Amino acid sequence: MNWHNETVFVTGATGFIGGRVSERMMQAGVKVRALVHGLHRAARIARLPVELCTGDLLERESLREALGGAKVVIHCGVGPASSIVQGTENMLAVAHAGGVKRFIHVSTAAIYGLTPPPGSESEEAPLRRTGDAYCDNKAAAEKIVLNYGKRGLPVVILRPSIVWGPYSAWSTRLMDDLREGRVAFIEGGRGACNTTYVDNLIDAMVLGVENDGALNQAFFITDGERVSWGDFIRAHMALMEPRPEVGEISRAEIAASRGRSSGLLLGSVKAAARVARSKEFRQMLMQIPLTEAAMKKAWNWVSTLPPEKRERLRARFGVRRAAAKSANARFIPDAVTEATQSATVFFSIEKARKVLGYEPRVRFSEGMKLVEQWLRYAAYL
């Protein structure tokens, strides 16, 4: 497909991936319409010559207006786990009715779970329910995408894994955690990290738009290197002065530590605190119209305050993420971190190479140099 004269519609444009897609499309001289839920989060892309279109993936009429005459959709938007399926279906329906010529759906390798089982190295591996809302809903969304492909909408599914690069929370959160002693090498850091540098992912998007042989298919997209979590963590540690100390812990030790602190009352209090602090809990509250309206009003008010007042409010009312410690004062990773960093499967990109012509341009070592430059610019170093 020759698409350079077409308008590209990007959902999730205020996010890490969508923001970089908007930048790359602009650099290529392509007209971009960027879907934003609210302008207060659009600072990164507002400096670009892109059209900012307010809308909501859960409101089809807003999507019709935002899509306009765009004929290429790059769907990076996610939202709460509970709305992934409906939001994707709404965007597909609007794109189909609007005569979109290519729909690139950004899925995730996590459709196989936070700890993918052996045998899921290739795209032919059958999907299974994992019990994780995000993973299961992303898998369900893929099925809807393929159904629209059968109905005539030209779709391509990309499955990146740990998408990293400048602006990525995988780096910024890790730097904060290293400073606060909230990092441990689980099983020596041998777990499969499956990095996907953000520009490599966008290269795959472009190939998906151009390559008709990719239609109605899904592709793993990674950097093609066997980068472990130990490699990823140590590469960030090497940027810090003084270099932080990170201990090792086994999954058996993690389980034993949780078992010692799992008394009924204490366990219930800790679980309630985790729920109250969780992103999922806030997302559930946002489904209540009165709560959503109140939270949006409060956010809009806070956004008008000077930075120093915002910081004082955050310090006073924010919930600090405490580092869990075992009886001998060792850091204990949470369940999601344990599951994510215990993976043994390295996803294969052979199908992407053969069908898309994909070849990762940014190697891990080069990507770390670019991340270091940005971390210094952003005052993380």
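Bear in mind that the values in this text are calculations on the coordinates, not laboratory data. It should be emphasised that the depicted structure is a prediction, and the values quoted were computed from it without experimental measurement. When we count neighbours, we look across all protein chains shown, and the Cβ atoms used for this are built from the backbone with ideal geometry, even at glycine.
Screening Lys71 with (1) without any contact (Cβ under 8 Å) to a residue 40 or more places away in the chain; (2) farther than 20 Å from Phe219 by Cβ gives one miss only, at (1). Residues of the range 165-215 that are outside any helix (DSSP H, G or I) and either farther than 23 Å from Met25 by Cα or free of Cβ contacts under 8 Å to residues at least 60 places away in the same chain (or both): Gly181, Arg182, Val183, Ala184, Phe185, Ile186, Arg190, Gly191, Ala192, Cys193, Asn194, Thr196. Contact list please: Cβ distance under 8 Å, first residue in the range 361-381 and in contact (Cβ under 8 Å) with a residue 24 or more places away in the chain, second residue in a helix (DSSP H, G or I) and hydrophobic (A, V, I, L, M, F, W, C), pairs at least six apart or on different chains. Pairs that qualify, where the first residue is in contact (Cβ under 8 Å) with a residue 24 or more places away in the chain and the partner is in a helix (DSSP H, G or I) and hydrophobic (A, V, I, L, M, F, W, C), are Val362/Leu370; Phe364/Ala235; Met368/Ala235; Leu375/Met175; Tyr380/Met175; Leu381/Met175; Leu381/Leu375.
Checking each residue in the range 116-156 for being touching a Phe, Trp or Tyr at 6+ places or on another chain (Cβ under 9 Å) and part of a loop (DSSP other than H, G, I, E, B) picks out Pro116, Ser120, Glu121, Ser122, Glu123, Ala125, Leu127, Arg128, Thr130, Leu153, Pro154.
Within the range 331-354, if we keep just the residues that are surrounded by fewer than 17 Cβ atoms within 10 Å (Cβ to Cβ) and over 12 Å from Thr222 (Cβ atoms), the residue that is nearest to the chain's Cα centre (by Cα) turns out to be Val336.
Does at least one position in the range 18-41 carry a residue that is of a type in the set (Ser, Thr, Tyr) and farther than 18 Å from Ala204 by Cα? No, because not a single residue in the range 18-41 is of a type in the set (Ser, Thr, Tyr) and farther than 18 Å from Ala204 by Cα. Going residue by residue through the range 119-139, is there one that turns out to be among the β-branched types (Val, Ile, Thr), surrounded by 14 or more Cβ atoms within 10 Å (Cβ to Cβ) and touching a residue at least 24 places away in the same chain (Cβ under 8 Å)? Looking for residues that are among the β-branched types (Val, Ile, Thr), surrounded by 14 or more Cβ atoms within 10 Å (Cβ to Cβ) and touching a residue at least 24 places away in the same chain (Cβ under 8 Å), one finds none in the range 119-139, hence no. Scanning the range 343-375 for residues that are hydroxyl-bearing (Ser, Thr, Tyr) and either touching a Phe, Trp or Tyr at 6+ places or on another chain (Cβ under 9 Å) or on the phi > 0 side of the Ramachandran plot (or both) turns up Ser348, Tyr358.
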